[in-house]
1. I'd like the distance between the alpha-carbon centres of the stretch 414-451 and the stretch 331-374, rounded to an integer number of Å.
2. Using +1 on the beta carbon of Lys and Arg, -1 on that of Asp and Glu, and nothing else charged, what's the dipole of the chain about the Cα centre, debye to 20?
3. If the reach is capped at under 12 angstrom between alpha carbons, list the aspartates and glutamates near K80, excluding any in the same chain fewer than eight residues apart.
4. Within the stretch 165-220, which trypsin sites (Lys or Arg not before Pro) sit in a loop by DSSP and count at most 14 neighbouring Cβ atoms inside 10 Å?
5. Report the per residue volume, in Å³, of the convex hull enclosing the C-alpha atoms of the chain.
6. Only Cα pairs under 8 Å and at least 6 apart count here; give the relative contact order of the chain as a rounded whole percent.
7. Cut-off under 20 Å on the C-alpha distance; same-chain residues fewer than 8 positions from K170 excluded. Which aspartates and glutamates are left, in chain and number order?
8. So, with +1 on the Cβ of K and R and -1 on the Cβ of D and E, and no other charges, what is the size of the charge dipole of the stretch 133-189 about its Cα centre, to the nearest 20 debye?
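Please treat every number below as a calculation from the coordinates, not as lab data. Just so you know, these numbers come straight off a predicted model, no measurement behind them. Virtual Cβ from ideal backbone geometry, glycine too; neighbours counted across all protein chains shown.
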Amino acid sequence: MITASTLDCSAATFVVGVIAVDLGHLENTFLPPESRVKTGSDVIFSWYGRYQQAKALGEPAINGTVGSLLEDDGSLAVNKVVMDTIRNQPDVDLSAYAPLPGLPDFKKLAAELAVGPRLASLRDIGIHSNAVATPGGTGALYLSARSMLAVGDTILLRSRRWSPYDTLAKECGLPIAEWPILPVGDSDHPKVDLYALEEKLEEIATSQKRLLAWINDPAHNPTGISLDAEGRELVLDAFINCATKYPDKGVTLFLDTAYAIYADEPYGWSETIHKKFSWADWPENLLICWGFSASKSHTIYGMRCGAIVFLHPSEDYVARLGEICAVTGRGTWSLAPRLPQSTLITIHSDEDLAISWGLERSRLKEILTARREMFNERMALSELPLMPSDDGYFAFIPCDDPLSIAEKAAESHLYVVPLKGGVRIGLCSIGSSDVVRAAEILIESWHTLAE
Ligand SMILES: Cc1ncc(COP(=O)(O)O)c(C=O)c1O
């Protein structure tokens with residue numbers, strides 16, 4: 001075994017024992033270009049590391065970095081009902097594989113949890129659903145990217161997004177087209193740039209055989225934006241019109257609802273879809289998918305529990321999609337963990353447990369609502385261009401130099417995440433008693449840098 005005795009990062013050369021190794025040369029020897037372009041520094045984790053370091057040094061540090069909900073004392077918020085239920089699962093569910101598409105009862109449950117109470121009414125109007133269990137909502141995003149598009153096809157995203165969207169698109173060989181998260185010019189709706197969306201849909205529909213768009217709503221990461229009923233309808237209509245105009249193109253709208261459970265309208269999309277198709281025909285070439293994630297809703301981030309849920313008028317087609325996605329899953333992560341699936345089945349098939357889970361979820365939502373109200377109120381007294389922050393875990397201040405703002409805030413002991421185009425503030429991780437102070441630090445930092 002050889003051990004690294006020195007490490008000279010500047011020259012990208014490890015000196016191992018007495019043998020000097022040129023990392024660039026090794027990479028070129030072993031790795032194809034697709035691998036060599038990958039770099040691993042995750043900005044969220046590195047700023048979280050800085051917060052932890054500051055805390056360890058005894059600073060009164062405020063943590064606005066992580067994407068997990070923390071209690072006011074800084075501990076991870078966990079839904080106790082879920083934890084207790086996991087610990088009581090039978091050995092077979094701890095040990096055995098799940099079926100490739102997921103436990104049958106979990107598949108049904110995932111559709112219910114993603115679509116919400118409207119699932120039954122959608123069935124009544126002839127729309128069918130199916131689901132495949134995935135390792136988290138990320139797995140659902142991946143399956144849609146792998147199954148609905150060919151390598152080289154363009155995927156449509158909003159201009160501001162969770163950064164792993166870019167990683168997923170790259171891993172799947174998909175170039176990205178964007179439409180603005182908020183209208184750039186005049187718009188009839190304050191949060192939907194319909195013109196830009198329609199233009200992008202047209203562009204993609206006329207240049208490739210199929211179309212896939214991911215929309216993270218409600219409670220968008222990293223802004224907290226949620227669309228209202230009117231906004232959702234505008235977006236849905238744009239996809240329906242595109243499908244109607246191009247009947248030979250497959251048009252897939254993928255709703256990433258990872259934070260929906262903490263939004264005021266967790267099932268708003270189902271309401272919009274149900275309202276629309278109660279009187280209008282569903283174009284055969286339109287597919288709606290949900291990315292269900294139990295990470296936040298059931299506070300089991302690390303257990304990797306989620307599902308892709310399909311909605312379409314053809315029962316045979318949603319069954320076929322399930323088969324395709326199970327094969328893709330088999331060839332990627334094998335299958336999704338069984339334990340969290342059986343845990344969710346236990347909770348949601350027992351009325352008392354389901355009620356207790358719901359009460360705890362409501363308590364967690366109240367924590368977020370209280371923090372957001374304080375933050376938005378304080379921000380409203382400033383000139384900072386805070387993006388609308390309606391629901392969920394985050395708020396976002398767009399700016400040209402996010403790194404400087406984050407550094408300035410850190411000087412006053414607030415740690416936030418500088419992302420492309422602005423800073424993300426994790427309201428989920430800032431204790432209630434620190435929220436106003438956090439807003440004030442951001443305002444001070446902004447003004448200091450503007451001077
Ligand atoms: C926007 C968004 N989508 C999807 C996910 C998926 O999460 P998971 O794979 O843990 O279910 C996350 C998690 O942070 C997210 O922020």
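1. Here the answer is 29 Å between Cα centres.
2. I would put it at about 1080 debye.
3. E360
4. Here the sparse-neighbourhood loop sites are K209.
5. Spread over its residues, the Cα hull of the chain gives 179 Å³ apiece.
6. 24
7. Once the sequence-local aspartates and glutamates are set aside, what remains near K170 is E27, E34, D42, D153, E178, D256.
8. Computed about the Cα centre, the dipole is about 220 debye.
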